[in-house]
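*Asks:* Please see the structure below; I have some questions.
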DNA sequence: CCGTTAGGTTAACGCTGTCAATCTGACATC
DNA sequence: GATGTCAGATTGACAGCGTTAACCTAACGG
């Protein structure tokens, strides 16, 4: 048992919440697995009895989610810092920043994105990032190079990058190329090109049209405009 | 307690393995969550005592994985059935089949693909699917429309579809369009177009080149060939 | 009929999340 | 300074979990 924590003064009970979060954060960093986050371990490290955690978190799930959400703010900042300038370059930078963030915090990313979300809605922090993303896409649409609903396009881009990093995180034994950074780069650009081509294709192209036909059509349209 | 199971005859001990798997499968289907798969619940439903599970599975993890791997064979068949004919159309069919499979078996998909893989290697069933995928891509590369390493290209396509379905499964409260089938279609084609464009771009295109430049370059090359 | 052994069971351990009941010490008041 | 109050915690317990060691028992070959 680590040294017992001194009781907080009146009105400052919320201090414990912060200390619990810090303890859990450290535990997660040391163990590298969310399994290490037992209420008992967290409480002991915070120098407090186990049920005290319930004074600030409804249940374990809420604690774990709170811990993982803490790093998410960083992603919001990253997005903000990468906006501006050429909208396509900005979009690319955001994608790369997102991927780097996920790979830098694999445990937190898994907990928040690779599990059945507990609440009915998207976690607010993630929602804000998504809004950034939609804005970035909207800027691209305004240049007329991309066409379509920004939200829908953003979802596609998001899911492309998410697919790559979540596979990297969950399936490290896939035959990945050695250079992760380059892989991310590929994916981001593939998603970008794909979205651009797809968004500018005639809507009435039959679903069964093969790639060559579609690309030819696209090439023709590109030269026209 | 359900009726107790009659002891198997000598040499037929392996029958219990099958019955345990079936029990677990049913439990999973009824509850819709892997949390329902407690050893006690599975054993009771199989009409057997809890530790008997250990006669056929090293630990719980192995049982859960075995349960989820059972449906995976179906995916292998789906892939096989969708090969042949125009390689690009085949690739598209495979992507759609993969997505439909994942959305039809969300729990199993999550257990196998969205969690830290236990063993050192890829589960054999998934590896076989990946091989199919690489073959399909290789066929496309032979037409000269796609260029590059089939394995690398396949990874990109896989991760695109995986990204979409895993987000759909884990984050149902995202602002998804109503028509899932159409969404999958978009993603598959975006990934296809993106890969095609990207694979045919000059390798020395600077990483900072913006989308418009790259697309123009691509359009020019496409008309030349 | 007996001995062997595959095919199980019993009982228990340590761990987990969670809750009801209880204590305690800092503060406002007299 | 003594007193009452209530926020801030603790104690003790519960049910359920995965897992293990020790034990039983029914089916078969000789």
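*Asks:* Could you tell me the center-to-center distance, by alpha carbons, between the range B:29-108 and the range A:19-75 in angstrom?
*Replies:* The range B:29-108 and the range A:19-75 have Cα centres separated by 32 Å.
*Asks:* Shifting gears a bit: Let me check I have the definition right: for the range A:15-69, take the eigenvalues of the Cα gyration tensor, multiply each by 5, take square roots. What are those semi-axes in whole Å, largest first?
*Replies:* For the range A:15-69, the semi-axes come out at 15, 12, 10 Å.
*Asks:* Could you work out [θ]222 nm for chain B from helices alone, using -39500 (n - 2.57) per DSSP H run of at least four and dividing by all its residues? Round to the nearest 500 deg cm²/dmol.
*Replies:* After summing the helix terms and dividing by the residues of chain B, the value is -22000 deg cm²/dmol.
*Asks:* Mind checking Rg over Rh on chain A, alpha carbons, Kirkwood formula for Rh?
*Replies:* 1.10
*Asks:* Here is a further query. With a Förster radius of 45 Å, plug the Cβ-Cβ distance of residue A:17 and residue B:22 into 1/(1 + (r/R0)^6) and report the FRET value to the nearest 0.05.
*Replies:* Working: r = 46 Å, r/R0 = 1.03.
E between residue A:17 and residue B:22, to the nearest 0.05, is 0.45.
*Asks:* Next up: May I ask you to report, in nm to one decimal and beginning with the shortest, the distances from residue A:6 to the same position in the other copies, taking label points 7 Å along Cα-to-Cβ?
*Replies:* 7.3
*Asks:* Per-residue Cβ counts within 10 Å, from other chains only, averaged over A:164-174: what number is that?
*Replies:* Numbers: counts 7, 2, 8, 8, 1, 3, 9, 12, 4, 7, 9.
Partner Cβ neighbours, averaged per residue: 6.
*Asks:* Cα axis of helix A:150-170 to longest principal axis of chain A: angle in degrees, 0 to 90, nearest 10?
*Replies:* 60
*Asks:* Could you compute the FRET efficiency for residue B:44 and residue B:213, with r as their C-beta to C-beta distance and R0 at 45 Å, rounded to 0.05?
*Replies:* The computed FRET efficiency comes out at 0.10.
*Asks:* Which distances in nm, rounded to one decimal and ordered from shortest, link the label point of residue B:40 to the equivalent label points in the other identical copies, with labels set 7 Å from Cα toward Cβ?
*Replies:* In ascending order, 1.7 nm.
*Asks:* Counting other beta carbons within 10 Å of each residue's own, what order do B:72, A:158 fall into, fewest first?
*Replies:* Least crowded to most crowded, the residues run B:72, A:158.
*Asks:* Please compute the average number of Cβ atoms from other chains found within 10 Å of each residue's Cβ in peptide B:112-121.
*Replies:* The shielding value for this peptide is 4.
*Asks:* Please report the spacing between the Cα centers of the range B:165-202 and the range A:149-207 in Å, no decimals.
*Replies:* 7
*Asks:* Can you tell me what percent of all Cα-Cα pairs in the protein assembly as shown are more than 32 Å apart?
*Replies:* 46
*Asks:* State log₁₀ I(q)/I(0) for the range B:68-201 at q = 0.10, 0.12 Å⁻¹ as given by the Debye formula over alpha-carbon point scatterers of equal weight, solvent excluded.
*Replies:* So the normalised log intensities are -0.31, -0.46.
*Asks:* Pop a pseudo-label 7 angstrom from the Cα along the beta-carbon direction at both residue A:104 and residue A:66 and give the gap in nm to one decimal.
*Replies:* Using points 7 Å along Cα→Cβ, the separation is 2.5 nm.
*Asks:* Which distances, shortest first and in nm, link residue B:124 to the matching position in the other copies, using label points set 7 Å out along Cα to C-beta?
*Replies:* Copy-to-copy label distances at residue B:124, shortest first: 5.1 nm.
*Asks:* Can you give the average number of partner chain beta-carbon atoms within 10 Å of each beta-carbon in peptide A:20-31, as a whole number?
*Replies:* 0
*Asks:* Applying a 10 Å radius around every beta-carbon, put B:174-181, A:124-131 in order of their mean neighbour count, most first.
*Replies:* Averaged packing, sorted descending, gives the order A:124-131, B:174-181.
*Asks:* To continue, here is another question. Ratio of the range A:44-132's C-alpha Rg to 2.2 N^0.38 Å, to two decimals?
*Replies:* 1.32
*Asks:* If a paramagnetic tag sat 7 Å from the Cα of residue B:5 along the Cα-Cβ line, which residues of the range B:34-49 would have the backbone N under 13 Å from that point?
*Replies:* In the range B:34-49, the label zone of residue B:5 (backbone N under 13 Å from the point 7 Å along Cα→Cβ) covers B:40-49.
Throughout, read-outs are computed from the coordinates displayed, never taken from laboratory work. Keep in mind the model is a prediction, meaning the values are calculated, not measured. Here Cβ is always computed from backbone atoms with ideal geometry, including for glycine, and neighbour counts include all displayed protein chains.
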